[in-house]
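Participant: Structure below; questions to follow.
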Amino acid sequence: MKALIKRCSICPSVLNFTNVVVEALKRDLDIEAEVEDGDEGIFLVFVDGSLVIQRDGDTLPDIEEVETAIEIESSTVSA
């Protein structure tokens, strides 16, 4: 499974949050997520090319939401 996080490269809150998510995914799910800079304000998480969760307006998803979205996607891919 390939996880990709596309994030805003100029938003301090998104940059910090991305680092926390990458660490949590490695620790909790043993997934090494790739990080790619994107358009201003974005935070998108893809699994094997499918968008699984994204920023909703000004609100970033919490780490548990990101991990759950990845687990759901990976279970549908393996089924």
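Participant: What nm distance separates the two modelled labels at K26 and E64, each placed 7 Å from Cα along Cα→Cβ?
Facilitator: Label-label distance for K26 and E64, simple model: 2.4 nm.
Participant: To continue, here is another question. Under unit Cβ charges (Lys, Arg +1; Asp, Glu -1), what dipole magnitude, rounded to 20 debye, does the chain have relative to its Cα centre?
Facilitator: Dipole about the Cα centre, nearest 20: 120 debye.
Participant: Let me ask something additional. Before anything else, pin down the relative contact order of the chain: Cα pairs under 8 Å, at least 6 apart, normalised by residue count, whole percent.
Facilitator: Details: 115 pairs, mean separation 26.4, N = 79.
After rounding, I find 33 percent.
Any read-out appearing in this document is the output of simple, stated calculations on the displayed coordinates, not a laboratory observation. Since we're looking at a predicted model, the values are computed, not measured. Quick reminder, even Gly has a Cβ in these numbers, built from the backbone with ideal geometry, and neighbours come from all protein chains shown.
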